[in-house]
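This report refers to the structure that appears directly beneath it.
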Amino acid sequence: MAMSREQILKEIQEVLIDALGVDDDEVTPEATLMGDLGAESIDFLDIVFRMEKSFDLKIPREELFPAEALMGSEEYVKDGKLTEKGLQELRDKMPHSDISRFEADPDVNKIGDLFTVDALVNFVDARLNK
């Protein structure tokens, strides 16, 4: 069943409010899951689980949050920054995230900023409406 971006956003806001105990006014499209909403890596499992139930989707964690897989590889990370090859891998694996600001300073410590509410909406939208 096709859903509008607005419907998907509302559903994701509910998921994040329930999973993270945040207020609804905090869950804006630009909000980052970790920085703004205080999610920790353990919360990502809960978020994925709740999204799967809400949207009746199977979501492989590495598909939604592929950045973790890049971290252990020297060809993708050098001196704490993503290499050009790492950035390309991120673009390929995370078409749902806007990485343009991250590309300017691809510090691995800032990779969590790529996980925004809008990125989740984009991901679900692409899966439901492709």
(request) Please find, among Gly80, Gly21, Gly38, Gly86, the residue that is at positive phi and touching a helix residue (DSSP H, G or I) at 6+ places or on another chain (Cβ under 6 Å). (result) Gly80
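Any idea which residue in segment 102-111 is nearest to Pro66 (Cα to Cα), counting only those that are part of a helix (DSSP H, G or I) and in contact with a helix residue (DSSP H, G or I) (Cβ under 8 Å, 6 or more places away or on another chain)?
Of everything passing the filter in segment 102-111, Ile111 is nearest to Pro66 (Cα to Cα).
Just checking, does segment 57-73 include any residue being in contact with a Leu (Cβ under 8 Å, 6 or more places away or on another chain) and at pLDDT 90 or above?
Our first condition is that a residue be in contact with a Leu (Cβ under 8 Å, 6 or more places away or on another chain); within segment 57-73, this holds for 57, 61, 64, 66-67, 70.
Remaining after also requiring at pLDDT 90 or above: 57.
Yes, segment 57-73 contains at least one residue that is in contact with a Leu (Cβ under 8 Å, 6 or more places away or on another chain) and at pLDDT 90 or above.
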(request) Take segment 25-39 and flag every residue that is more than 12 Å from the chain's Cα centre (by Cα) and either basic (Lys, Arg) or surrounded by 14 or more Cβ atoms within 10 Å (Cβ to Cβ) (or both). (result) Glu26, Val27, Thr28, Asp36, Leu37
(request) Sort out which residues of segment 40-55 are at pLDDT below 95 and loosely packed, with under 14 Cβ neighbours inside 10 Å, and write them in order of number. (result) Glu40, Ser41, Ile42, Leu45
(request) Give the residue, chosen from Asp113, Asp105, that is modelled with pLDDT under 95, in contact with a strand residue (DSSP E or B) (Cβ under 9 Å, 6 or more places away or on another chain) and surrounded by 13 or more Cβ atoms within 10 Å (Cβ to Cβ). (result) Asp113
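Give the residue, chosen from Glu89, Glu84, that is over 17 Å from Gln7 (Cα atoms) and crowded, with 17+ Cβ neighbours inside 10 Å.
Glu89
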(request) Assess whether Glu14 counts as being among the charged types (D, E, K, R), over 12 Å from the mean Cα position of the chain (by Cα) and in the same structural domain as Phe123 (by TED's automatic domain parsing). (result) yes
(message) So the check is Cβ under 7 Å with 6+ separation or different chains; which pairs have a first residue in segment 117-130 that's closer than 13 Å to Glu63 by Cβ and a second one that's not in a helix (DSSP H, G or I)?
(response) Ala119/His96; Ala119/Ser97; Asn122/His96; Phe123/His96; Ala126/His96; Arg127/Leu57
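The values are calculated or read from the model by the stated rules, or taken from the named source; none is laboratory data. The shown structure was predicted, so the numbers you read here are calculated from the model rather than taken from an experiment. Every residue, glycine as well, gets a Cβ built from its backbone with ideal geometry; the counts of neighbours run over all protein chains shown.
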